[in-house]
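A.B. asks: Before we start, here is the structure in question, set down as structure tokens.
What follows is calculated from the coordinates using simple rules that are stated; it is not laboratory data. Model, not experiment: these values are computed from the prediction. Using ideal geometry, Cβ is built from the backbone for each residue, glycine included, and neighbour counts are taken over all protein chains shown.
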Amino acid sequence: MVTLSILPHETILEIFYHLPIRDIETLAKTFSHPITDICLPILKPLYKSRRDRKELVKAFGPFGERFPVPHGLESLDLDSPVRKTLNLSRRDVIKLPRRRHTLDLDFMRFKGNFDWLHPLPRSVVDDMASHYRGPAIVGSALDDLLASAERVGVTIPPIFIKFLQSEELQLRIPSHHAGVFHLTSGGLLRIPKARIGGRVGYAIGFLSYLIDGVMLYLEPGKDGIVSVLTDMEDECPYEVDGVNLPHEEEDCPYISQEDRDDAKAQNVPILAHGCTIELVGMDFETYLANLYYTEVLYWVCRLEADTVPGLEDYVKNMLVKKQEVPKRPKEIEELAKDARRQAIADQVE
């Protein structure tokens, strides 16, 4: 550690940039004050995210479960070809994500350029062809969004706009249940204050499924809270197939006269059908990466599709735990038999 601290500041930053954020946090907690001083600016987004998360849980309740393990992954036997595709050892056991817990990709370092979002295998592209229904931005939707954000003082993350403007990137996110990226027309939607504990917040619909929708939640200010929400209603709360669904305000008991007055003054519609909103993630890019990897896993597990770069690391960091090396003779013998069976199977292939 002493040797590290005598390196130039820029060199240390370059080294830290390639480390997982949790490792940087560990370094910051050492007794080397120069190292701590270098780490703290890097950790500011992490600490802000933790503070924001506490505030959001107060407003919305615990995080919901949006990223279940793809069907078939949790029951892979030792001889499954999927295990070979994912390069899993015989001691790698699939662990299910905890309910009510957002999946943080601490082992990844996002740079805002979507370098992790690789093209899909051809078999997945072919299966997805019938689901695609055009680019996310239609007509004046983006102009309306930017204009309404300026009116209410909301800062939209540049990476969110970048993704919605790229049809190529959108086509790289598969969906086995007909999810479609589509920016809400008409700009921001104001969430009733009573629904979020008296806070002032807005939503942008960007992904719709057959029965629910996914939104980006934003609060006013340059450093306002940003998160990802879902609305588990019987109908998507903002649009289906690119058509906004009109909902009567009476559908949501949270709307007050103050909400109506504020929405009218700001020229921002009220999210009138948002009574079952749940938190599903914090950072937009983290949400998108989880969506990408879990959806690709569906095709790998169900259809034995080819893998994509980064999927192996995702599975091993997020969904796998190592079995302890067996110590009893019977367990060792059983493991040896499994290993011999796999060796024979590999030779046959």
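A.B. asks: Collect residues whose amide H, placed 1.01 Å from N in the peptide plane, falls under 5 Å from the amide H of residue 320; neighbours closer than 5 in sequence don't count.
C.D. replies: 95
A.B. asks: Here is a follow-up. Full-extension gain between residue 80 and residue 138, please, as 0.36 nm times their residue separation minus the C-alpha to C-alpha distance.
C.D. replies: 16.5 nm
A.B. asks: Which distance in nm do the two modelled labels at residue 155 and residue 127 give, with both placed 7 Å along the Cα-to-Cβ direction?
C.D. replies: 4.1
A.B. asks: Could you work out how much longer the chain between residue 36 and residue 109 gets when fully extended? Use 0.36 nm per residue separation minus the Cα distance between them, nm to one decimal.
C.D. replies: Length difference between fully extended and current span is 24.3 nm.
A.B. asks: Sticking with this one: Greater than 28 Å separation of Cα atoms is the criterion. Which listed pairs, 48/193; 222/321; 29/54; 54/193, meet it?
C.D. replies: The answer is 222/321.
A.B. asks: Relative to the compact-globule scaling 2.2 N^0.38 Å, provide the ratio for the alpha-carbon radius of gyration of the stretch 104-315.
C.D. replies: Output field value: 1.04.
A.B. asks: Sort the following peptides by mean Cβ neighbour count (other Cβ atoms within 10 Å, averaged over residues), highest first: 110-116, 200-206.
C.D. replies: The most tightly packed comes first, giving 200-206, 110-116.
A.B. asks: For the charge dipole of the stretch 104-315, defined by +1 on Lys and Arg C-beta atoms and -1 on Asp and Glu C-beta atoms about the Cα centroid, which residue among 194, 164, 124 has the Cα displaced farthest towards the positive pole?
C.D. replies: 164
A.B. asks: Evaluate the distance, in nm, between pseudo-label points positioned 7 Å from the Cα of residue 194 and of residue 171 along their respective Cα→Cβ axes.
C.D. replies: 4.7
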